[in-house]
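Note sheet for the following structure.
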Amino acid sequence: MEQQITQAEARNNPQPKVMHMAPVLRGLVWATIGFAIFDLMTVAVDPFRGRPLVTEPSVVVGWVGALIGWLMGVGGYEGVILPLFGSPSTWVEPKNWRKYFGLSTNHKVIGLQYLVTSSSIFFIAGMDAMAIRYELMQPSMHFFTYTGQYLTAVGVHGSLMMFGVGTVVLISGLGNYFVPLMIGAKETVFSRLSGIGHWLLPAGALTLIASPLLGYWDTGWRGYEPLASQDPGGMVFYYLGIFAMTLSTIIASLNLAATIIFHRARGMTWARLPLFVWGILTVSLLNLIWQPEIEMTFVMALLDKLIPFHFFDALGSPLTYLSMFWLFGHPEVYIIVLPAFALWNEIIPVMAQKNLFARDWAIIGLIFVMMLSGLVWAHHIFTNMRNSEMFPFSFFSEMISIPTGFSFMAAIGTLWRARLRFTTPTLLVLMAIFNFVIGGLTGVYLADPPVNLQVHDTFFVIAHFHYTIIGGAIFTWVAAMYYWLPKLSGRMFNDTLGKWLALWIFIGFNGTFSQMFLLGLDGMNRWVPAYPPYLKPLNYSVSLFAFFLGAGFIANAIHIWWAWVKGPKSPENPWHARTLEWLTTSPPPDDNFDGEVEVVRGFYRYDHDEPSAYLVKNPEPAE
Amino acid sequence: MGNIVVFGILWAGLTAVGEWVFRTHRAHSFYYTISNQGSLALSAFNFLSSWLMPIFIFIALVTIFALVRFRAPNNEPKPSEVQAMRNRAFIFTWVGLSFALNIMFWLHPTSVDLEAMFTNWRKEKAQHPLIVNVTARQWEWMFNYPQYHVTQAVNAQGLDEMELPVNRPVEFFLRSYDPFHTYDVYAGVIHSFWIPAFGIKEDVIPGETRTEFLIPEHVANYHTSPLVRVQCAEVCGPGHPYMESPVSVVTAAQFAKWIKYEQKLQAAAGGS
Ligand SMILES: [Cu+2]
């Protein structure tokens, strides 16, 4: 292997061509060119009356051209296309900060790229939420100029948060960075594919953000038919944007699942696999099953809009779209929270320096949630069902709380009579547990059909799922950022400040969403920029808390950024954790471990001092 | 052992307080409801709430208890003194209770209420209910009373409105299409027929005719409670927020008077 590479290099120019244009800039230029070529070719063969230069079909084909241009421009041309046709890759990954702005094959660079892109999406979609809450401070339209504009804001907010943040941060972001480290791998299996995968995410997010250019769309993040097929062209960018973002997730999941299966260090048996790795494995399987399903559905819906095919209107079956959407849509919720469950049981034992309680049950819980999540979707469409049809879905929707509870059981068993160190990650994990239990228990109401028929499509549901997603997953993400910050940067944050900032978002979050339950019970339905005036006082109060929450997230982001760049140097293993990522330096070297890792026992035992793994250092190079 | 006792006392006490607060609030009801279907949903809501209360208090208390009682005096990385990885009694109770509770919830309220709901529907069907044809178009609710030959019930300003007699079963026929559309009456989208005070919503799907039964049990209207309104609950385009209509539940005598008035309006307009 070594020899072949040397030969191949000797045959070529030893000094690879220097890139003159920054990859992202080149990507944008090539995307523009790609769009123009593909779009004009389409309008040439498929002209529309009045001969506009951009039509719905041409924008779809043009988008494909733009995506190809973008992916090639950011490095796909040298990194993928040239090797594919037999030429050696001339792509050189820079050693400095520039490596974050182009195609990379290093899972840590890719993980950080995902985290930064996703944080930017979180910021944009969060500002979008602020605009929504500002509008809802008054019962009539006073900020947005047209209801379709408001509904587009709602749809962009939901789609970006689900596909660009919730599905991404813990899996493609922290998963890409930490899973290989935690299993003692030096690289991932499909590292080049994974590098390309990241660049689909900003492409998808920008597509969604650009959707108002083609006309305001009304459907929210669910794209219900037949409304979608009669909506303006913005709908097209909804399908395409989500297509790119889910493709990015599929690639990340494929790569991570393959890496977990094939690249574990010696001694890293399945029985020793860390909890977070189990979380990522189960969730990757969910992604590999359900993301292609929603992509197929969106392809059908897009064709329905362009051709049209009448798959999902009154001539076809609108209900089929609803089922196909939620068949993916409910597992999606678990895709977002499963890694969070796993992280609780990763962080708590470390902070308590205590054996993880009932580890096997925690893993079984993750696996059963993964399997049951595909059997509950129809509780999203109880308003379309009859007695006998509701029974099974109601049953599984209630039963899925049992394996979910196993994660709580393990966490509580570990906390009980521990010597729990009160740190920012500890606090945030406990807050996430508190929030998620509210999200989970309010789900029991929604699983009960008579109650569901009343609160469905109201703010009760909005409050419920924000409790699971922000309260559970996003709080855990923030906890994990603080927990792993010393590993990511080699620096430490300010623990006192961290706790105050955690309290800030906790108050903002609970103030916002607990009142939304009451709004829902009071008859506030979804997707309304104008509502009956009796709902104003509660809405006003929700909005004030929402602004407070938004500011709190920004404050946390600034604190993390400051600590990353300027924080005091952290010791090598500040939490005394036992998992493998702490066996190497912070931040880790390019190939993760300066030697060979051998795992000799599990990572969740604190009743002895024996190391759980050894790092056999590479011999010093002879000088 | 001491921890368990303290925790148990706190848990029991807080649960008692929580239940007491819940019951005093329940007197005002969590949502305003004036139909038999709504009462069914509300009682299920209340039943679930009082059973979920101890679970919520348990988890919330654990997080606080852990922070207070099990907090390390400093951040020295010292191992905990207790290193239990198994506690059969705890695991057994947890798993057993979560199965028992979920099966109970599924039997009651879920199965019991679903049976009750659809038995009610069958009974009401047999009681010669008032029939209201509800048509949802973008963006308007239209109400038609075929038994009284009222094609589209409107107020003096010509805006759609719905009146229902109290204590008489109603059967709604729900359809989504646009009778005014000149070339494509199938240009319909999904709407959702929701009267918040009646405690039920049902999606209205283009291409399907659906039914819904209930009995309004109190005299009320949009002015006595803003929840007595038809509200489209499923997003149906830019007109969605404005797709609402006032509802009045009135006595039988008032209803008869209103029907006369509607028939007169219709005749004056030269309608059928
Ligand atoms: Cu509607």
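Quick notes on this structure:
- Contact order relative to length of the range A:576-623, as percent, for alpha carbon pairs under 8 angstrom and 6 or more apart: 39
- Projected label distance in nm at A:ASP607 and A:LEU285, using a 7 Å step from Cα toward the beta-carbon: 3.0
- Within the range A:90-219, the ratio Rg/Rh, alpha carbon atoms throughout and Rh by Kirkwood, equals 1.10.
- Per-selection Kirkwood Rh - the range B:142-235 (Cα, Å, 1 d.p.): 14.5
- In this structure, A:TYR534 and A:THR496 have a Cβ-Cβ separation that, at R0 = 35 Å, corresponds to a calculated FRET efficiency of about 0.20.
- Candidates B:ARG86, B:ARG137, B:ARG210: whichever shows maximal mean-square fluctuation once chain B is modelled as a Gaussian network with Cα springs under 10 Å: B:ARG86
- Rg over Rh [alpha-carbon atoms, Kirkwood Rh] for chain A: 0.97
- Stretched out straight at 0.36 nm per residue, the stretch from A:TRP561 to A:SER541 would grow longer than its current Cα-Cα span by 4.1 nm.
- Note on B:VAL5/A:HIS142: beta-carbon distance plugged into 1/(1 + (r/R0)^6) with R0 of 51 Å gives a FRET efficiency of 0.35.
- Calculated P(r) of the range A:21-84 - Cα pairs past 17 Å, %: 44
- Cα-based Rg / Dmax (Å) for the range A:398-444: 12.0, 35
- Lys pairs under 28 Å by Cα in chain B, provided they are eight or more residues apart or on distinct chains: 5
- Where labels lie 7 Å past Cα in the beta-carbon direction, separation of B:TRP51 and B:ASN144 in nm: 4.3
- Cut-off 13 Å between beta-carbons: net charge of the residues surrounding A:PHE312, Lys and Arg +1, Asp and Glu -1: -2
- Relative contact order, percent, chain A [alpha-carbon distance under 8 Å, six or more residues apart]: 13
- Contour minus Cα-Cα distance for A:ALA36 and A:THR320 (0.36 nm per residue): 98.7 nm
- Put in order of Cβ neighbour count within 10 Å, fewest first, the listed residues B:LYS264, A:LYS487 become B:LYS264, A:LYS487.
- Within chain B, DSSP assigns beta bridges of which about 70% are antiparallel (rounded to the nearest 5).
- Summarising the strand pairing of the protein assembly as shown, around 70 percent of its internal DSSP beta bridges are antiparallel.
- Volume of the Cα convex hull of chain B, divided per residue and given in Å³: 204
- Helical segments meeting 24 Å axial Cα length and Kyte-Doolittle 1.6 threshold in chain A (DSSP H): A:23-45, A:234-262, A:424-447
- Positive contributions from Lys and Arg (+1) and negative ones from Asp and Glu (-1), summed over other residues with Cβ under 12 Å from the Cβ of B:ARG122, come out at -1.
- Two-site FRET efficiency, B:PHE118 against B:ASN167, from Cβ-Cβ distance with R₀ of 25 Å, rounded to 0.05: 0.75
- Simple rule: put +1 on each Lys or Arg Cβ and -1 on each Asp or Glu Cβ in chain B, find the dipole, and look at B:VAL204, B:MET162, B:ILE59; the Cα lying farthest toward the positive end is B:ILE59.
- Ordered by the number of other Cβ atoms lying within 10 Å of each residue's own Cβ, fewest first, B:HIS149, A:HIS456 fall into the sequence B:HIS149, A:HIS456.
- Fully extended contour minus Cα-Cα distance, from B:SER43 to B:GLU76, at 0.36 nm per residue: 6.7 nm
- Sum of -39500 (n - 2.57) over DSSP H runs of 4+, divided by residues of the protein assembly as shown (222 nm, nearest 500): -18500 deg cm²/dmol
- In chain A, lysine pairs with alpha-carbon atoms under 22 angstrom apart (chain gap of 8 or more, or interchain): 24
- Each Lys or Arg adds one and each Asp or Glu takes one away; over the other residues whose Cβ falls under 9 Å from the Cβ of B:THR110, this sums to -3.
- When Rg and Dmax are taken over the Cα atoms of the range A:442-482, they come to 13.0, 42 Å.
Read-outs throughout are calculated quantities, based only on the coordinates presented, and are distinct from any laboratory measurement. On a predicted model such as this, the values are computed, not experimentally measured, just so you know. FYI the Cβ positions are ideal-geometry reconstructions off the backbone, even for glycines, and counts take in every protein chain you see.
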